[in-house]
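Novice: One structure, pasted below without further comment.
The values are calculated or read from the model by the stated rules, or taken from the named source; none is laboratory data. All values reported here derive from a predicted model rather than from experimental measurement. Using ideal geometry, Cβ is built from the backbone for each residue, glycine included, and neighbour counts are taken over all protein chains shown.
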Amino acid sequence: MDTSRRKGVLTPHTQWLAERIRRHRGNADVVRQDLVRELGIEVSLRTVERAVRPLRQQIHAEAVATVRYEPAPGQQLQIDFGSTSVVVAGQPQRIHLFVATLAYSRRCFVTVFLHERQSAWLHGLEEAFAHFGGLPHEILLDNAKALVVQHDARTREVKFNERFHAFCVCVR
């Protein structure tokens, strides 16, 4: 007998199971107890787990899914550095790429430096502003040592380097 096509005792209750597994945040044992109490259906925990497996996977996927943030045009400029090695006159040379990306349009500006010191960050920003023809409302950056003095991950409080802070105040 082919049991893969056999209709299970929980099959008619798919909608009820979906509602209950969400209500109980994926807890199959609590759903099993509800089955007995409300519908008079006694099955093993394993049977309930098999019946709600796809629903639990969906709940998990929803919990870990990220929502893409869609900023307005001109709202946000994202900046960072990357690095790579190139060969110049037969010698390997490490170069650092300053990358500025407009969040809305995904337009990029890239310029090359031989280091990632604060002067490169500030020069890269000035060039990006000129390239894009203006200033964004906000700049998104990671915890670059050249710009950030302190970052408290718990409170999300950030203290910027004095020179970088002064630069940001001046370009407003």
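Novice: For region 119-146, enumerate the residues that are aliphatic (A, V, I, L, M), touching a strand residue (DSSP E or B) at 6+ places or on another chain (Cβ under 6 Å) and modelled with pLDDT under 95. Can you show your working first?
Specialist: Of all residues in region 119-146, those aliphatic (A, V, I, L, M) come to 120, 122, 125, 128, 130, 135, 139-141, 144, 146.
From what is left, the residues that are touching a strand residue (DSSP E or B) at 6+ places or on another chain (Cβ under 6 Å) are 120, 128, 139-141.
Once the filter is applied, which keeps residues that are aliphatic (A, V, I, L, M), touching a strand residue (DSSP E or B) at 6+ places or on another chain (Cβ under 6 Å) and modelled with pLDDT under 95, region 119-146 yields Ile139, Leu140, Leu141.
Residue by residue, here is whether (1) in contact (Cβ under 8 Å) with a residue 24 or more places away in the chain; (2) loosely packed, with under 15 Cβ neighbours inside 10 Å; (3) closer than 30 Å to Val31 by Cα holds:
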position	(1), (2), (3)
Ala72	yes, yes, no
Gln76	yes, no, no
Val86	no, yes, no
Ala103	yes, no, no
Ala128	yes, no, no
Val149	no, yes, no
Arg156	no, yes, no
Lys159	no, yes, no
Phe167	yes, no, no
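Novice: For region 9-35, which positions are on the phi < 0 side of the Ramachandran plot and of a type in the set (Gly, Ala, Ser)?
Specialist: The answer is Ala18, Ala28.
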